[in-house]
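Bear in mind these aren't lab numbers, they're just calculated from the coordinates by the rules spelled out. Keep in mind that what you see is a predicted model, and the values were worked out from it rather than measured. Virtual Cβ from ideal backbone geometry, glycine too; neighbours counted across all protein chains shown.
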Amino acid sequence: MIKFLIQKEFLQIRRNSFLPRLILMFPIVIMCVMPWVVSMEVKNIVVDVVDGDRSTASQQLVHQVEASNYFLFGGQKASYDEALAEVERGDADVIMVIPPQYERDLVRGESPQILVAANAVNGTKGAMGSAYLTQIITSTSPRAALNSKSLTLNSKLSTLNLYNKQQNYKLFMIPALFAIVMMLMTGFLPALNIVSEKEAGTIEQINVTPVSKWSFILAKLIPYWLIALFIITVCLLLSWLVYGITCQGPLWLVYALAMLLAIFFSSFGLLVSNYSDTMQQAIFVMWFFVVCLMLLSGLFTPTRSMPHWAYLTTYVNPMHYFIDAVRTVFVRGGGFSSVAHQVLALCCFGTVMGIWAVWSYKKNS
């Protein structure tokens, strides 16, 4: 019986003119576009300079700012008020004001005070821009130039990056994109499944058959589990072909984690579909939970930086367990023992959600 129900689900997907294209193109677009866009590195910070000294030393400092890969030089302004007006118009992000007698103070061994004013409307850009500019200014101070002992000590120190040796942000984000693709594809599609049959009226034909609730829900879930296998395979191939990034740990463990996440979200999608009467209602309910689970999972920022009450939500967030585990396996090369508690947590979430999805389906025979 369940074999024919699964065939019915695949026939419905195949006869839909949009779903096969979506299943194929969505992971390709996400994997080829998002790693270039989703980056926490701040660049292209526009800097205006007010040089009150007009000396050789001040011009050398200005040229160091121009040569930085993080800044876009906005030009030298005649006064601070003129530079501030550009910041207020949104044409500049940071102002650097070099005081008069800057070169004279450097020759005397003093530390001249340079004003750095940042536009804090965009807090991240302002803070990072100020930090980058402060590093350039500090490197030209006489204290940094004359402290030979510190330079000798630092020359003996070396940094070894164990996992992300090139500091490539794409290597950090690609496992997280696995989670996004899996969540959206295996969550939203099942959420629209049963509720679409309710709107079409075909669900009544199933309700009057002797098909059990377990067989019916399982037949709804299995196609999306197979779609999940296809999606994770496409994502792994693209990460290798496009970015040259491969899994450092056991590949079967990545598939196992992806399947556990797919079991949870497909069951959750059917659960939402069972309680929804229209497709619009199902979409809004799914979007509410998906956004909350994604933003509170540590996908973009560390969970430890959250307030304590928000951090407590990660204990009941399956996305957090998946992202933590897949980064451990994919980036750091961890084995099953390294992610055992995440696997156990995902198994529990998937089991509870699957049972709830079956129980919530009301079959009127």
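Among the GluC sites (Glu not before Pro) in region 1-86, those located in a DSSP loop and surrounded by at most 16 other Cβ atoms within 10 Å of their own Cβ are E41. Tally the DSSP beta bridges in the chain and give the antiparallel ones as a percent, rounded to 5. That works out to approximately 30 percent antiparallel. In plain terms, the C-alpha convex hull of region 45-147 casts an average shadow of 6.1 nm² when viewed from every direction.
Farthest toward the dipole's positive end in region 45-147, which of G90, S130, G74, given Cβ charges of +1 (Lys, Arg) and -1 (Asp, Glu) about the Cα centre? Result: S130. Rg ratio for the chain: its Cα radius of gyration over 2.2 N^0.38 Å, N being its residue count, equals 1.35.
Are any of the pairs K77/K170; K43/K77; K8/K170; K3/K198; K125/K170 more than 31 Å apart by Cα-Cα distance, and if so, which? Cα-Cα > 31 Å for K77/K170; K8/K170; rest within.
Take every DSSP beta bridge whose two residues both sit in region 45-147; close to 30 percent of them are antiparallel. Helix 80-89 and the long axis of the chain differ in direction by around 10°, with both axes built from C-alpha atoms. The distance separating the Cα centre of region 76-133 from that of region 315-365 comes to 49 Å. Find how many whole Å separate the alpha carbon centroid of region 193-223 from the alpha carbon centroid of region 239-269. So the two Cα centres are separated by 28 Å. Checking every one of the trypsin sites (Lys or Arg not before Pro) in region 1-82 against DSSP loop status and a limit of 16 other Cβ atoms within 10 Å picks out K43, R54. Convex hull of alpha carbon positions in region 201-268: directionally averaged projected area 6.1 nm². Loop-located trypsin sites (Lys or Arg not before Pro) across region 275-356 with a Cβ neighbour count of 14 or fewer within 10 Å are R332, with loop assigned by DSSP.
Rounded to the nearest 10 degrees, the angle from helix 318-330 to the longest Cα principal axis of the chain is 70 degrees. With respect to the chain, whose longest principal axis is taken over its alpha-carbon atoms, helix 19-37 is tilted by about 20°.
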